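Here the structure comes first, spelled out in structure tokens, and everything after it is commentary.
The values are calculated or read from the model by the stated rules, or taken from the named source; none is laboratory data. Bear in mind the structure is a predicted one, so any value in this text is a computation, not a measurement. With ideal geometry, Cβ positions are generated from the backbone for all residues, glycine too; neighbour counts draw on all protein chains shown. In case anyone asks, the SASA skips ligands and DNA or RNA and just uses the protein heavy atoms, side chains included. Shrake-Rupley method; radii C 1.70, N 1.55, O 1.52, S 1.80 Å.
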Amino acid sequence: MAIQRTFSIIKPDATERNLTGKINAVFEDAGLRIVAQKRIHMTKDQAGKFYEVHKERPFYDELTTFMSRSPVVVQVLEGEDAVAKHREVMGATNPAEAAEGTVRKLFAGSIGENSVHGSDSEENAAIEIAYFFAGYEIVG
Ligand code: ADP
Ligand code: MG
């Protein structure tokens, strides 16, 4: 297994409840290092561009409204097999199906407001990291 980087977002439902530190603890306990992190407030257009792959899905408008509702924390996480490890500790998209101890099981309220985003492949991670971070902001 190789050291990878992945892209993470702590979503509005979580920042509104002041859960950034608790969620970061789950990531760090899983062996992921936070090598870049900043708090931003996305516009609906920025959220729309980020989630462009879901444009035709029925929940696209709801999702982009939600993601621009409050600040988010965008992050780059680094570690062994980071993409898969991060997805594992996030838990299933629908918190009702998420495994015990995962972020979504612990904190998420619904399939839409599910507290965290994580890249689904190393290729998408590189694209998503470049959307939010300049190289000098990532310090491994
Ligand atoms: P994941 O975030 O687990 O990779 P997807 O890529 O399938 O899940 O979906 C992106 C995001 O869109 C989800 O995290 C969730 O916020 C939202 N979403 C997915 N499915 C639904 C749904 N059926 N209704 C409302 N929002 C949804
Ligand atoms: Mg996804």
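For this structure, a couple of remarks:
- Extension reserve of the residue 46-residue 127 stretch, reckoned as 0.36 nm per residue once the Cα distance is removed: 27.7 nm
- Cα→Cβ-extended label distance, 7 Å offset, between residue 60 and residue 92, nm: 2.7 nm
- Residue 7 - accessible surface, heavy atoms, 1.4 Å probe, Å² rounded to 10: 0 Å²
- The chain, Cα convex hull volume normalised per residue, Å³: 103 Å³
- Accessible surface ranking that places the most exposed of 117, 54 first, with a 1.4 angstrom probe: 54, 117
- For residue 28, solvent-accessible area (1.4 Å; no DNA, RNA or ligand), Å²: 110 Å²
- Choice from 21, 48, 79 showing the highest fluctuation, given a GNM over the chain with Cα pairs closer than 10 Å: 21
- Mean-position separation - Cα centroids, segment 1-41 and segment 58-117, in angstrom: 10 Å
- Sorting 131, 51 by solvent-accessible area of protein heavy atoms yields 131, 51, largest first, with a 1.4 Å probe.
- Heavy-atom accessible area ranking, 1.4 Å probe, most first, across 20, 64: 20, 64
- Rounded percent of accessible protein surface that carbon and sulfur make up, the chain, 1.4 Å probe: 50 percent
- Set 22/55; 11/49; 22/105; 44/105 screened for pairs whose C-alpha atoms are more than 24 Å apart: 22/55; 44/105
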